[in-house]
Amino acid sequence: MKTIILAGGIGSRLWPLSRTYYPKQFVKLKGMEHSMFQLTYQRALKLGNVDDIYIVTNKDYKFLILGQISEIGVQPKEENILLEPQARNTLPAIYYAVRKMREKGEDRVAVFPSDHIINSSQEFVATIRKCQKLADEYIVTFGIKPTSPETGYGYIQPGAPLEFGFKALSFKEKPDHHTAEKYVEQGYLWNSGMFLFNTELFTSELIRYCPQVYKAFEEADSIEDCFDRIEPVSIDYGIMEKSDKVAVLPFSIDWNDMGGFAAFYDNYNSKKDENGNITFGEEIVIDSKDNVVYTDEDKAVGLVGVENLVIVDQKDALLICNKEEAPKVKDIVERLKAKDDPRAEYHVTAYRPWGSYTVLEEGAFYKIKRITVQPGKRLSYQMHYHRSEHWIVVCGTANIVIDDKDHLLVSGESIYIPIGGKHRLENPGRLLLEVIEVQIGAYRNEDDIVRFEDDYERD
């Protein structure tokens, strides 16, 4: 069985934990050994091998994905990472992968978003295997048995029983609380956004109910041209709500789609104190209840007399909101973007194919970064027009090339790169390399890079 992992979302409802260029599916949240993307990939490996897994994502996430797959000890198949030129919702993304698969023949396919947490993955995968023949007759969606009348999920009404599951009678949009209570009483299921189908059946239903998407892929000269022709459309709206060949398979599993801070709060039920507060450090909580406090540094945090708050403290951003108003967090992101504020899109730590860097401090004419380079990796051979740099090796061994001359540095040693000097940082060792970089200059943005050679073929 093949798998499609949808990994292109930016997760704006979880800002500031999730940012455009490092969204929630790749973040390792506190208490989690792996990111949600890595957990999803590991589930997919239980259904097939590396060759059977296709990932559809934003072009900016390619190296994040390669790095995260390698981190769990798997050699990724790069040709199976399909890059969307622009976001067009779930139906074009899924068909992009289906079309690639069909070049090698028809097959059964499971579709997983990359930002779901499933704590009973063994049971989940076993059930999929057991009922996979259902996918030859129906496009199967997975319905989660509700534990409460949630307003953040869509709902599915089960109809006539099948050998496994039920025919899907109707799909409902996210309801208000009163309507959600009725849905739960009537046996409706949460719409998980996960699917199972035969690629031939899926394609025939696409042609029937959403031919414009099919024609765009068939007639376009390139994938860029194809996505230019397509209007955004979800698989639910494009096919599932219209087709008479849809089945729903109920699951009673510990599932969370991490769609916002309400779901985030629910994910940490085991950490709640006697008053429903969730904290991750040494927070002092007095006369407060049903709050969640998440900080990225060990700082003293005190809560007194507050209820139902989400407090997320990052080095460059602080969010305080009522849990019931948490969906409006995405509006903060839009306002920041309208002001071209980089905090809407970037963390202070940025991830690159070779490792990462964290901005430690910045002034009018300087910027200080901590750079980490993975063993055997190296940065591009580059130069800057507007800044000089000092590199101090903190740990590991660095091979530094300046104007075609090699310099081998170890912990405690430093080197200077003048403005206009061609340079490259490389980790030739087996341990992580950590370097402190001090940039000096009036302009220090990331677009002041001229690359001459790059292992990752970036512009």
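With LYS62, LYS100, LYS77, LYS104 as the choices, which residue is out of contact with any His (no Cβ under 6 Å at 6 or more places or on another chain), basic (Lys, Arg) and loosely packed, with under 15 Cβ neighbours inside 10 Å?
LYS104
Has the stretch 283-296 got any residue that is at positive phi and among the charged types (D, E, K, R)?
Taking every residue of the stretch 283-296 in turn, at least one turns out to be at positive phi and among the charged types (D, E, K, R).
Has the stretch 206-229 got at least one residue that is in the same structural domain as TRP15 (by TED's automatic domain parsing), in contact with a Gly (Cβ under 6 Å, 6 or more places away or on another chain) and within 26 Å of ILE117 (Cβ to Cβ)?
Taking every residue of the stretch 206-229 in turn, none turns out to be in the same structural domain as TRP15 (by TED's automatic domain parsing), in contact with a Gly (Cβ under 6 Å, 6 or more places away or on another chain) and within 26 Å of ILE117 (Cβ to Cβ).
Given the structure, is HIS384 surrounded by 13 or more Cβ atoms within 10 Å (Cβ to Cβ) and modelled with pLDDT of 95 or more?
yes
Could you name every one of the strands (runs of 3 or more DSSP E) located completely within the stretch 342-415 that has at least 2 residues being over 18 Å from LEU432 (Cα atoms)?
Qualifying strands (runs of 3 or more DSSP E): 355-362, 366-373, 381-383, 388-395, 398-402, 405-409.
Looking at LYS328, LYS337 in this structure, which one is of a type outside the set (Val, Ile, Thr), modelled with pLDDT under 95 and within 28 Å of ASN267 (Cβ to Cβ)?
Criteria check complete, one pass: LYS328.
Against the condition of a type in the set (Lys, Arg) and in contact (Cβ under 8 Å) with a residue 24 or more places away in the chain, how does LYS46 come out, does it pass?
yes
Scan the stretch 268-291 for residues that are closer than 28 Å to ASP331 by Cα, under 29 Å from the mean Cα position of the chain (by Cα) and part of a loop (DSSP other than H, G, I, E, B) and report the count.
7
Which residues, counting only those in the stretch 111-120, are in contact with a Lys or Arg (Cβ under 9 Å, 6 or more places away or on another chain) and modelled with pLDDT under 90?
Hits for the stretch 111-120: nothing passes.
Please find, among TYR265, TYR294, the residue that is part of a helix (DSSP H, G or I) and closer than 19 Å to LEU29 by Cβ.
Among TYR265, TYR294, only TYR265 is part of a helix (DSSP H, G or I) and closer than 19 Å to LEU29 by Cβ.
Quick grid of which residues meet (1) in contact (Cβ under 8 Å) with a residue 12 or more places away in the chain; (2) more than 18 Å from ASP254 (Cα to Cα):
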site: PHE142; (1), (2): yes, no
site: THR147; (1), (2): no, no
site: GLN157; (1), (2): yes, yes
site: GLU181; (1), (2): yes, yes
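Say we look at the stretch 121-148 and pick out the residues that are at pLDDT 90 or above and in a loop (DSSP other than H, G, I, E, B); which of these is surrounded by the most Cβ atoms within 10 Å (Cβ to Cβ)?
Here the residue is TYR138.
Considering only residues that are within 13 Å of TYR138 (Cβ to Cβ) and of a type outside the set (A, V, I, L, M, F, W, C), look in the stretch 162-188 and name the one that is surrounded by the fewest Cβ atoms within 10 Å (Cβ to Cβ).
Among them, the one singled out is GLU163.
For the stretch 233-253, enumerate the residues that are farther than 15 Å from LEU196 by Cβ and touching a Pro at 6+ places or on another chain (Cβ under 8 Å).
VAL233
When you look at VAL333, is it touching a strand residue (DSSP E or B) at 6+ places or on another chain (Cβ under 6 Å), of a type in the set (Val, Ile, Thr) and surrounded by 14 or more Cβ atoms within 10 Å (Cβ to Cβ), yes or no?
The answer is no for VAL333.
Condition first: surrounded by 14 or more Cβ atoms within 10 Å (Cβ to Cβ) and among the charged types (D, E, K, R). Now tell me which residues in the stretch 414-448 satisfy that.
Passing the criteria: LYS422, ARG424, GLU426, GLU434, GLU437, ARG444, ASP448.
The values are calculated or read from the model by the stated rules, or taken from the named source; none is laboratory data. Not measured: the values here are computed from a predicted model. We place every Cβ from the backbone using ideal geometry, glycine too, and count neighbours over all the protein chains shown.
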